[in-house]
1. Let me confirm something: among L415, L383, L369, which residue is modelled with pLDDT under 90 and crowded, with 23+ Cβ neighbours inside 10 Å?
2. Can you name every residue in region 118-163 that is polar (S, T, N, Q) and more than 16 Å from H70 (Cα to Cα)?
3. Give me the residue from region 309-346 that is closer than 30 Å to A78 by Cα and among the hydroxyl-bearing types (S, T, Y) and, out of that set, farthest from the chain's Cα centre (by Cα).
4. Let me confirm something: among A425, A458, A408, which residue is small (G, A, S) and open to solvent by 80 Å² or more (accessible area, probe 1.4 Å)?
5. What pairs can you find where one residue is in region 147-162 and farther than 16 Å from Y331 by Cβ and part of a helix (DSSP H, G or I), the other is open to solvent by 10 Å² or more (accessible area, probe 1.4 Å) and of a type in the set (F, W, Y), and their Cβ atoms are less than 6 Å apart, with a gap of 6+ or different chains?
6. What are the residues in region 137-146 that are in contact with a Ser or Thr (Cβ under 9 Å, 6 or more places away or on another chain) and in a helix (DSSP H, G or I), if any?
7. Does region 289-298 contain at least one residue that is surrounded by 19 or more Cβ atoms within 10 Å (Cβ to Cβ), assigned to a helix (DSSP H, G or I) and either within 20 Å of the chain's Cα centre (by Cα) or not hydrophobic (A, V, I, L, M, F, W, C) (or both)?
8. Given the criteria among the polar types (S, T, N, Q), within 30 Å of L130 (Cβ to Cβ) and either surrounded by 19 or more Cβ atoms within 10 Å (Cβ to Cβ) or out of contact with any helix residue (DSSP H, G or I) (no Cβ under 6 Å at 6 or more places or on another chain) (or both), does S402 qualify?
Amino acid sequence: MDFSWKIVIDAGVISAALLLATFLRAKLRFLQRLMVPNALTAGFILLPIYNFLFPYLGYTVNKLGDLVYHLLNLSFIAMTLRANPKQKKKNDGAVLATTSVILSQYALQALAGLLLSWLLFTTIMPKLNLAIGLTLPLGYSLGPGQAYAIGKGWEAMGFEGAGSVGLTMAALGFLWACIVGVIMVNHGIKKGYLSKDLKTEDKALRTGIIPEEKEKPISSRATTSLEAIDPLSYHAALVAVTYFLSYLLLSLISFLLGLLGKTGTELANNLWGINFIFSALTAMIVRKIIVSLKIEHVIDNDSLSRVSGFSVDYMVTGALAAISLVFVSQYWLPILLIGLVGGIITTATVPWLCSRIFYDSKYERMLMLYGVATGTLSTGLALLRIVDPEFKTRVSGDYMVSAGLTFALAIPFILSINLPVGANAANNFSPFWLMILISSAYLLFSIISFLFVAKKNAFRNISQIWLKD
């Protein structure tokens, strides 16, 4: 029988790499000190294997791209189906402040990347695709899954190797999060910036393994009877059927756009590259239906978090392994320049904004938002867990509440992200400057919301990156 084993082989190789990475972190002190996520280590282990060893063995066609694409969409669905945590205190602007900081990084990174790409294009790299500047917010603020999915769409529009470039930028972002983020943690502990009731001596957070003698935390709760259906099977089925509904929704939209002719068909093809938006929108609808039927008690947030965490771990590992070093070598200068400048801007602006716009747990909020702005949600949570292992603060809860507002406000930005990709090929730079204008509008919104929430703190001691209480 002629069965295809490619996806199974790739999933097995990724699994082996994740297990090896877990063992290495448990044993190697430098991985523990840097708090490097196991998925990141596993991805770097597989990078040379997929680039050099497997092609030598004749395994040249892999399914990593398919895995990354689908796991990204599944992770968005699982997180969106979760119930928003209830606010324990009155609203003090923390949700709007969180959204403001996140969107400011979208805007700043987009502007920095686009302007640097224009500088290179008009000086020493006249054949450079101007869309490379947008790999900065894609790789840093949105994450490797989005960077790869949108990059693959750009390849069909003439940007050769865009998927690998986006993944490489995401890898640089992870390095900023892991190295500079941990330095920030230690600096905050030394300076006494953290909440006084938090402890940072949890060995499990360093090694990644919970000691035998320590009580194991509850990571999920059963909402279905085991003899009827396993709770994990139930939640996985809920995520899978929501994904199928999102496929039907996008298929219907594509069919309707196809009726408009060639332009509509091209737009429909581009929408499949940002399917995670439609996946999340479908999950919102499904969540509303479940709540309206008053059966939300059968959904466990922690179980959905496990599904999302599984998807993110495999997605990050597969995304890094899918990087083509052949294409990266062609773009090494813009990647390093844009990645370095973007990292410096993020490292300077996130602390500056957070120390002025928040009124409680300032440093904890800054650490999480810095991790999110250079990696993924899981990276931000990893940095937060170093100083707040039991999530006693409101930081993670406020972030989840703000996620819906952030997502809604970011949709126009994401839908516009294809504008610059064909600008220089068509010798029409209007779409490029339109993206500059859109990014500037997001920056203006962030500034206005910052002034609204920060009030008198907005420009206190403007030269200090971290404003002390």
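1. On the way: L415 fails: crowded, with 23+ Cβ neighbours inside 10 Å; L369 fails: modelled with pLDDT under 90.
Within the list L415, L383, L369, the selection yields L383.
2. Start the filter on region 118-163 by keeping residues that are polar (S, T, N, Q), which leaves 122-123, 129, 135, 141, 146.
Correct list: T122, T123, N129, T135, S141.
3. Only one residue tops the list, namely S324.
4. A425
5. So the pair list comes out as A149/Y69.
6. P137, G139, Y140, S141, L142, P144, G145
7. Checked against the condition, which is being surrounded by 19 or more Cβ atoms within 10 Å (Cβ to Cβ), assigned to a helix (DSSP H, G or I) and either within 20 Å of the chain's Cα centre (by Cα) or not hydrophobic (A, V, I, L, M, F, W, C) (or both), region 289-298 yields no hits at all.
8. no
The values are calculated or read from the model by the stated rules, or taken from the named source; none is laboratory data. Quantities reported herein were computed from a predicted structural model and do not represent experimental measurements. Because the Cβ atoms are built from the backbone with ideal geometry, glycine has one as well, and the counts that use them run over all protein chains shown. Just the protein is used for accessible areas: all its heavy atoms, side chains included, with ligands, DNA and RNA removed. Shrake-Rupley method; radii C 1.70, N 1.55, O 1.52, S 1.80 Å.
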